[in-house]
Amino acid sequence: MLYGGGLAISSTLFSGQELSVEWSIRHISSLLYLAIFGSAIASVGYLKLLGRIGSGQAAFTTLLFPLAALISSASLEHYQWNKYLIVGIVLILFSNAVMLRR
C-alpha cells in the first residue's frame with residue numbers, strides 16, 4: 001500500500017494536478033472503515049487463517065474475494081453477468097474444491 005500510495009501521489013504531482021482531500025464525514029468514515037476493517041482486521045484474520053490451515057490452502061481462499069465482489073456488485077450495482085464471468089467462477093470454485101480436498 002505504501003508503494004501504491006507513493007505512486008498515486010507521484011503521478012498526481014507529475015501531471016500538474018494539486019493534491020486535495022475531501023474532509024466530509026462520508027469520506028473520512030469510509031477511509032477509517034477501510035483502514036480498520038479492510039486492512040488491520042483483515043490482515044490479522046488472514047494471519048490466523050495461515051496458522052490454522054497453512055499457506056497453500058489460505059492462498060486459495062483469496063480466490064474467493066473476487067467472487068464475493070462480483071456477487072455484491074451484481075446485487076448493489078446491477079452488474080450484468082456474461083458467459084466468461086460464469087466460466088471464471090466455475091474455475092475458481094473447481095480449483096478451490098481440488099485444493100481443499102488435499
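The values are calculated or read from the model by the stated rules, or taken from the named source; none is laboratory data. All of these numbers come straight from a predicted model, not from anything done at the bench. Cβ coordinates were reconstructed from backbone atoms using ideal geometry, including for glycine residues, and neighbour counts include every protein chain displayed.
In table form, for the structure just shown:
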| read-out | value |
| --- | --- |
| From the options Ser30, Ser39, residue that is under 20 Å from the mean Cα position of the chain (by Cα), closer than 28 Å to Leu85 by Cα and not aliphatic (A, V, I, L, M) | Ser39 |
| Selection count where residues are at pLDDT 90 or above and exposed (fewer than 10 other Cβ atoms within 10 Å of the Cβ), scope segment 52-77 | 4 |
| Selected residue (criterion: farthest from Arg101 (Cα to Cα)) from residues of segment 42-90 that are part of a loop (DSSP other than H, G, I, E, B) and hydroxyl-bearing (Ser, Thr, Tyr) | Tyr79 |
| Options Gly45, Gly38: the member that is free of Cβ contacts under 8 Å to residues at least 24 places away in the same chain, more than 20 Å from Gly5 (Cβ to Cβ) and either not acidic (Asp, Glu) or not assigned by TED's automatic domain parsing to the domain that holds Arg101 (or both) | Gly45 |
